[in-house]
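S.K.: So that we are looking at the same thing, I have put the structure below in structure tokens.
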Amino acid sequence: MSAESTPGPGIPGETGTTGSRRAKGRRRKPRKRHKGMMIMAWTAAGIVVLGGTGAGYVYFKLNGNLKSVDIDQALGTDRPKKADNGSENILVLGSDTRAGGNKKLGGGTDDGSARSDTAMIVHVNKGHKKASVVSIPRDTLIDRPSCTDTKGKQYPAANGVMFNSAYSTGGAACAVKTVESITDLRMDHYLEVDFAGFQTLIDDLGGVEVTTTKRIDDPDSHLKLKAGTHRLDGEQALGLVRTRHGVGDGSDLGRIQLQQAFIKALLNQVKDVGVFSNPKKLYDLAETATKTVTADSDLGSVNKLASFANGLKGITPSNMNMVTMPVAYDPADPNRVLLQEKQADQIWKALEHDKPIPKSATKGSATGEANGVVSSS
């Protein structure tokens, strides 16, 4: 089954879609040059410490774990220009493939396809002290541009398809091109996080503590939590970031709110783990992280990824603004959402000029009704 035809749960229909439409690529205008999960980047920073031990075997073993994709070669030169203000945009995707270790995890069946179940644009500001994170709902109807995958295979453009169809059609390169066509922003880097590796990483960290204000019971994601404080193991954490039926209005938008809350809880806890004083824990985390992440070729080595991650260590939850791309439920299909283009343009322009995202950009956008259900303990 293709991602375009993947059925979703019933979502209470909401009206008020004035100004919304299917997202499509915009004609690029001449402009002045303006110059994953975060835990994955943070863990990779730990490799710097390992590298300092002179353990060559460790370095080469970790380096051999990393997978990379040459996005730049696949996309060519027809792309938005790089910013020249010191900021960076990173597209972070969560791999939805059910093959291999992911087949046993909840939330779907092994239909032979792969999908970008989670998509975030992480904008790191000039000083690398603040970040804006924009989640892109997988159910957003878009006009997907023609694209070429990293093996050179070409795919024609498609109108009115789900956003996550870009990844299932042409892989990472097509996903990047689709995001760039929607935002007219250059994606400087690409990081893909595998579900099975995410579960192992949380276990290596010793779990993550969160507080839930409501009971969550979702048989599809295998998650059952009473209201209260919980230390989630890897399987429970994965269930939380994948659940959509157990909380809110049952939409992907509610799931995004849970994901954003969990990432902040994860970052809040990382500083207290003490991995840098525990070489074995540090190695286990680095081993898992390098097996879990697929990066663009510019970050495709331990040294490059570690150097990049080391520059992000100053970013904390308190200076990270997380929003969802403004959308409205599609009146023709309550299982899909439509881009609110005028509001979204406020976000893209703010990122382009390395400015904070204005609150007006998300005012009135469909939310999923899961805000506040999960928080840091």
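The values are calculated or read from the model by the stated rules, or taken from the named source; none is laboratory data. None of these values were measured; they are calculated from a predicted model. FYI the Cβ positions are ideal-geometry reconstructions off the backbone, even for glycines, and counts take in every protein chain you see. These accessible areas exclude ligands, DNA and RNA; they are computed on the full protein's heavy atoms, side chains included. Shrake-Rupley method; radii C 1.70, N 1.55, O 1.52, S 1.80 Å.
S.K.: Work from the charge dipole of segment 109-218 (Cβ charges, +1 for Lys and Arg, -1 for Asp and Glu, about the Cα centre) and give the residue of Ile182, Asn159, Ile142 farthest towards its positive end.
M.R.: Ile182
S.K.: In debye, nearest 20: dipole of segment 219-376 around its Cα centre with unit charges on the Cβ of K, R (+) and D, E (-)?
M.R.: Details: 19 positive and 17 negative charges, 106 e Å.
So the dipole magnitude of segment 219-376 works out to roughly 500 debye.
S.K.: Right, another one. Could you tell me which of rounded, prolate or oblate describes segment 214-266, using a ≥ b ≥ c as the square roots of the eigenvalues of the alpha-carbon gyration tensor, with rounded for a/c under 1.5 and, failing that, prolate when a/b is larger than b/c and oblate otherwise? Before the final figure, lay out each step's value.
M.R.: Details: a/c = 1.43, a/b = 1.13, b/c = 1.26.
It comes out rounded by the Cα gyration axes.
S.K.: Follow-up question, since we're still on this one. Which value, in Å², gives the accessible area per residue of segment 199-349 when a 1.4 Å probe is used on the protein heavy atoms?
M.R.: Details: 5830 Å² over 151 residues.
On a per-residue basis, segment 199-349 sits at 39 Å².
S.K.: Order the following by accessible area, largest value first: Tyr167, Tyr190, Tyr283. Probe radius 1.4 Å; ligands, DNA and RNA are ignored. All intermediate terms of the calculation are to be shown ahead of the outcome.
M.R.: Numbers: Tyr167 30, Tyr190 0, Tyr283 55 Å².
I get Tyr283, Tyr167, Tyr190, largest accessible area first.
S.K.: Which value, in Å² and to the nearest 10, is the accessible area of Thr118 when all protein chains are kept and the probe is 1.4 Å?
M.R.: Near enough 10 Å² of accessible area.
S.K.: While we're on this one: Given N residues in segment 220-377, what is Rg(Cα) / (2.2 N^0.38 Å)? Display every interim value, and only then the final one.
M.R.: On the way: Rg = 18.2 Å, N = 158, 2.2 N^0.38 = 15.1 Å.
Normalised Cα radius of gyration, segment 220-377: 1.21.
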